[in-house]
Each structure stands twice: as C-alpha cells, then as structure tokens.
Amino acid sequence: MVERASLSGRPIGPDEAITVEEALRSYTTEAARACHWDSDAGSITPGKRADLVVLGDDPLRTDASRIGDIEVVRTFLEGDDVH
C-alpha cells in the first residue's frame, strides 16, 4: 500500500501509493467502519474490544521498507495478554 512494489522491488502503480498513516487507518478504524464494527472495534477507546498489538518501534517513524521487520512485543485479545 505504501511502497507499491513487486517482490523484486519493481514499482507498481506508484501514483496509487498511500502514506503509512493512511495504511494504518485502513487496517484499523476504516476496516472496523467498513464492517459496521466501529462502535465496538477499530480504535483504542473505553468500552471497545481491546484487540491490539504493542510494537517495538513506531511505524510512522520507521522507513516504509522496514515496517514489516518491526517486532511485535505483545498481543492482546479482548484485553487479555495472549503473547
């Protein structure tokens, strides 16, 4: 979504790339809204499901090519620390 490149690194529709922030929103708040789950999920808000991960680095401050390498430190499912 951000880099718009093939596995070999060749650009694919670079004019269709989006920012890291837009990509994160598409997987969180916008995905919940598309599924009509936005009252229960999609953001860290009191009363919503606590399904989330804690990352070892900030994807907004990491080079886009290295976002996939960010360590997942903890995973929470419905508020329970599962990993």
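The values are calculated or read from the model by the stated rules, or taken from the named source; none is laboratory data. Since this is a predicted model, take the numbers as computed values, not measurements. Here Cβ is always computed from backbone atoms with ideal geometry, including for glycine, and neighbour counts include all displayed protein chains.
Within region 55-83, the residues that satisfy the criterion of being of a type in the set (Gly, Ala, Ser), surrounded by 10 or more Cβ atoms within 10 Å (Cβ to Cβ) and not in a loop (DSSP other than H, G, I, E, B) are Ala64, Ser65. Taking residues in region 52-64 that are free of Cβ contacts under 8 Å to residues at least 60 places away in the same chain, and partners anywhere that are surrounded by 15 or more Cβ atoms within 10 Å (Cβ to Cβ), the pairs with Cβ atoms closer than 6 Å and at least 6 places apart or on different chains are Leu52/Phe76; Pro59/Val20; Pro59/Ile67; Leu60/Val20. In region 66-83, the residues that are more than 30 Å from Ala5 (Cα to Cα) reach residues that are assigned to a loop (DSSP other than H, G, I, E, B) and charged (D, E, K, R) with C-beta atoms within less than 8 angstrom, at least six apart or across chains, in these pairs: Phe76/Asp51; Leu77/Asp51; Glu78/Arg49; Glu78/Asp51; Gly79/Arg49. For region 30-49, the tally of residues that are under 22 Å from Arg61 (Cβ atoms) and modelled with pLDDT of 95 or more stands at 1.
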